[in-house]
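What follows is one structure encoded as structure tokens, with my remarks underneath.
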Amino acid sequence: TLTNLSEADVARIEALRLSPLYVSLHDWDDARRARLMGAPATRSRARLLRLAAAGIHLHLQIVLCPGYNDGVALAETVWALADVEGVEDVGVVPVSVPPGHSLRPVCPQDAVAALELVETVQRAQRRSKGHAFVHAADELYLLAGRTPPACDAPCQYENGVGITAAFRAEVAELPKRPRTAPPVALLSGALAAAEMGRAAARIGSRARAYPVTNRLFGQHVTVTGLLGGREVVAALRERPLAPDEWLLAPSVFLPPEMGVTLDDVAEVEIRRACQGRFVVAPTLADAFARLPQ
């Protein structure tokens, strides 16, 4: 967010040309940004422009907060960022807050309005820059009841942009599984349950979706990558796997470089809850390759 940098920090980034940087700006207007993030955020835009002028490449994120930085404010932010040389792409993601929070969750109508703006800017940027530049997270498309499209900005993937399209392409290319292959349950958060159901249908009768409600951060958090290990273990107690069924989980749930889930549950604990039938892998093809033949 560029809110906690000293002058020495900014000078060091410039001197070492630490690039690219991933920045959450949220709003072009200093006062509106301070309303969301506090007084230190008033300096963020000036620092962003300074880093861009120094040749630092920047990938931006805007967390959409209805009533704060949506509508006209979102349009101002996106169009202004499009004019900053050095800003490579922008991702717009919905805020995730529990009921009763001072910020309200993004509703379908908010998602529709945000998508209309994003797609208007995309059409203009494809003509002027040759690429879409701004992208809406898959969550916004799903909230609006639309199919998320593919994305031409791979650095926005971790913002949830283009994941659904990439997953569908992966499922479409999977080879036919033999009849003797063990049945599988595909772990997902609540938001991806329908998509996992479609994937399971494509894979065959011996596959099913296995959605789990987020207890770590709350039910309002619906993405698979933010599931905790404890709620998955609890779900396996409540809804055990079939005797020969395997649970397949994506690496975002249990990153190999971490070795634990977000709530510090080790793979061995989840494997124990699955009675040993657990595979975590970056892709479904990798997961299937690790199953017993």
Checklist entry - Can you name every residue in the stretch 126-148 that is more than 18 Å from V63 (Cβ to Cβ) and either surrounded by fewer than 14 Cβ atoms within 10 Å (Cβ to Cβ) or out of contact with any helix residue (DSSP H, G or I) (no Cβ under 6 Å at 6 or more places or on another chain) (or both)? => result R126, R127, S128, K129, G130, H131, G145, R146, T147
Item to check | Checking S102 against (1) under 24 Å from the mean Cα position of the chain (by Cα); (2) within 20 Å of F133 (Cβ to Cβ); (3) in a loop (DSSP other than H, G, I, E, B), the condition it does not meet | outcome: (2)
Checklist entry - Hey, among the residues in the stretch 193-216 that are of a type in the set (S, T, N, Q) and under 22 Å from the mean Cα position of the chain (by Cα), which one's surrounded by the fewest Cβ atoms within 10 Å (Cβ to Cβ)? => result T213
Next on the checklist: Name the single residue that is least open to solvent (accessible area, probe 1.4 Å) among those in the stretch 149-175 being part of a helix (DSSP H, G or I) and of a type in the set (G, A, S).
Outcome noted: A165
Checklist outcome for this item: Among the residues of the stretch 133-145, the number that are of a type in the set (A, V, I, L, M, F, W, C) and free of Cβ contacts under 8 Å to residues at least 40 places away in the same chain is 1
Next on the checklist: So for the stretch 89-104 (the condition being out of contact with any Ser or Thr (no Cβ under 8 Å at 6 or more places or on another chain), surrounded by fewer than 22 Cβ atoms within 10 Å (Cβ to Cβ), at pLDDT below 95 and farther than 28 Å from A193 by Cβ), does at least one residue qualify?
Outcome noted: yes
Checklist outcome for this item: For the stretch 267-289, the count of residues that are without any contact (Cβ under 8 Å) to a residue 24 or more places away in the chain and surrounded by 13 or more Cβ atoms within 10 Å (Cβ to Cβ) equals 4
Checklist outcome for this item: Only one of R12, R33, R45 is of a type in the set (K, R), in a helix (DSSP H, G or I) and more than 25 Å from the chain's Cα centre (by Cα), namely R12
Checklist entry - Among the residues of the stretch 81-97, is there at least one that is hydrophobic (A, V, I, L, M, F, W, C), free of Cβ contacts under 8 Å to residues at least 12 places away in the same chain and in a helix (DSSP H, G or I)? => result no
Next on the checklist: Taking the criterion of being farther than 27 Å from R177 by Cβ and either open to solvent by less than 60 Å² (accessible area, probe 1.4 Å) or among the hydrophobic types (A, V, I, L, M, F, W, C) (or both), would at least one residue in the stretch 235-243 satisfy it?
Outcome noted: no
Checklist entry - For the stretch 176-192, how many residues are within 27 Å of the chain's Cα centre (by Cα) and either of a type outside the set (A, V, I, L, M, F, W, C) or surrounded by fewer than 17 Cβ atoms within 10 Å (Cβ to Cβ) (or both)? => result 2
Checklist entry - Any idea which of (1) touching a residue at least 60 places away in the same chain (Cβ under 8 Å); (2) in contact with a helix residue (DSSP H, G or I) (Cβ under 6 Å, 6 or more places away or on another chain) is the one A181 doesn't satisfy? => result (2)
Checklist entry - Tell me, which residue of the stretch 260-293 that is in a loop (DSSP other than H, G, I, E, B) and in contact with a helix residue (DSSP H, G or I) (Cβ under 7 Å, 6 or more places away or on another chain) is farthest from N214 (Cα to Cα)? => result T283
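Being over 20 Å from R146 (Cα atoms) and assigned to a helix (DSSP H, G or I) is the requirement here; does G218 meet it?
no
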Checklist entry - D110 fails exactly one of the following numbered conditions: (1) touching a residue at least 40 places away in the same chain (Cβ under 8 Å); (2) open to solvent by 10 Å² or more (accessible area, probe 1.4 Å); (3) in a loop (DSSP other than H, G, I, E, B). What is the number of that condition? => result (3)
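The values are calculated or read from the model by the stated rules, or taken from the named source; none is laboratory data. Note that the structure is a prediction, hence the values are computed from the model and not measured. All Cβ positions, even for glycine, are placed from backbone atoms using ideal geometry, and neighbour counts span all protein chains on display. These area figures cover heavy atoms from the full protein model, side chains too; ligands, DNA and RNA do not enter into them. Shrake-Rupley method; radii C 1.70, N 1.55, O 1.52, S 1.80 Å.
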